[in-house]
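Asks: Mind having a look at this structure? Questions to follow.
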Amino acid sequence: MSLVRKLLPPLVSGTLFGAGLTLSGMTNPARVRGFLDVFGAWDPTLAFVMGSAVLVMAVAWRIRSRMGTPIFAERFSLPDRKDLDGRLITGSILFGVGWGLAGLCPGPAVASLALSPLSVLPFVVAMLAGMGIQRFIAAKPLRRQAVPE
C-alpha cells in the first residue's frame, strides 16, 4: 500500500472531524462544561453533537456490514468484549475527569491548536505527557501474584 493511500484517509477524516468540532463549538471548553452542568446553566449543544455522531455511526455500521473488506485497509479492526479490562476502565475514568475539569478532550484540543494555540498548549502538553507515561507503563509486563498451591 502506498504511503499516500495509507495517510490520505486519516488526514481527510481528521480534518473533517476537526472542522466539525470547530463548527459545532466543541472546541470551546465553556460549552462542554455547560453540558456537564446539569443542575446549573445547562447547554444541550453537546447532546446534539453526540446524537449526530451516533446517527452517522449507525449508518456507517450498516454500510460496513455489507462490505467484505474496507476500502483503505486489509481488514476491519473492531473492538470486542476482550478489550474491556482494568486499564481501559481506569483510563476512561481519568479521561472523563480530565474532560470535565478542562472542558477539552484530544480531538477538540488538537483542533483548537489552529485557533488559539497559546490557550490550549498547556492541555496538549499535559495530554502528550500522559500518553507518554501510559506508553511507558503499558510496556511493563503486568505483575501477577503467585497463587499458593
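For (1) within 28 Å of residue 124 (Cβ to Cβ); (2) modelled with pLDDT under 90, each residue gets a yes or a no:
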{"site": "29", "(1), (2)": "yes, yes"}
{"site": "36", "(1), (2)": "yes, yes"}
{"site": "51", "(1), (2)": "yes, no"}
{"site": "65", "(1), (2)": "no, yes"}
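Asks: Here is a follow-up. All but one of (1) hydrophobic (A, V, I, L, M, F, W, C); (2) in contact with a helix residue (DSSP H, G or I) (Cβ under 8 Å, 6 or more places away or on another chain); (3) exposed (fewer than 10 other Cβ atoms within 10 Å of the Cβ); (4) over 18 Å from residue 100 (Cα atoms) hold for residue 3; state the number of the condition that does not hold.
Replies: That leaves (2) as the condition not met.
Asks: If the Cβ limit is 8 Å and pairs must be 6+ apart or interchain, which residue in region 56-69 that is closer than 21 Å to residue 16 by Cα and touching a residue at least 12 places away in the same chain (Cβ under 8 Å) pairs with which residue that is of a type in the set (A, V, I, L, M, F, W, C) and surrounded by 10 or more Cβ atoms within 10 Å (Cβ to Cβ)?
Replies: Between residues of region 56-69 that are closer than 21 Å to residue 16 by Cα and touching a residue at least 12 places away in the same chain (Cβ under 8 Å) and residues that are of a type in the set (A, V, I, L, M, F, W, C) and surrounded by 10 or more Cβ atoms within 10 Å (Cβ to Cβ), the close pairs are 64/76.
Asks: Report, by residue number, each residue of region 72-84 that is surrounded by 10 or more Cβ atoms within 10 Å (Cβ to Cβ) and either closer than 27 Å to residue 140 by Cβ or under 16 Å from the mean Cα position of the chain (by Cα) (or both). Before the answer, list the steps.
Replies: Residues of region 72-84 surrounded by 10 or more Cβ atoms within 10 Å (Cβ to Cβ): 72-73, 76, 84.
Passing the criteria: only 84.
Asks: Just the residues that are loosely packed, with under 11 Cβ neighbours inside 10 Å and over 23 Å from residue 113 (Cβ atoms), please, taken from region 6-47.
Replies: 38, 39, 40, 41, 44
Asks: Now for a separate question. Is there any pair linking a residue in region 89-104 that is on the phi > 0 side of the Ramachandran plot and of a type in the set (Gly, Ala, Ser) to one that is outside any helix (DSSP H, G or I) and surrounded by 12 or more Cβ atoms within 10 Å (Cβ to Cβ), with Cβ under 9 Å and at least six apart or on different chains, and which?
Replies: That search, which allows pairs on different chains as well, returns 103/28.
Asks: Also, I was wondering about something else. For region 18-127, which fully contained helices (runs of 4 or more DSSP H) count at least 3 residues that are of a type in the set (Gly, Ala, Ser) and farther than 30 Å from residue 3 by Cα? Please lay out each step first, then the result.
Replies: Details: elements: 29-36, 45-66, 86-102, 106-115.
Passing ranges, in order: 45-66, 86-102.
Asks: Please find, within region 90-142, the residue that is nearest to residue 24 (Cα to Cα) out of those that are modelled with pLDDT of 85 or more and among the hydroxyl-bearing types (Ser, Thr, Tyr).
Replies: 112
The values are calculated or read from the model by the stated rules, or taken from the named source; none is laboratory data. Quick caveat: nothing in here was measured; it's all calculated off a predicted structure. Cβ sites come from the backbone with ideal geometry, for glycine too, and all protein chains shown count toward neighbours.
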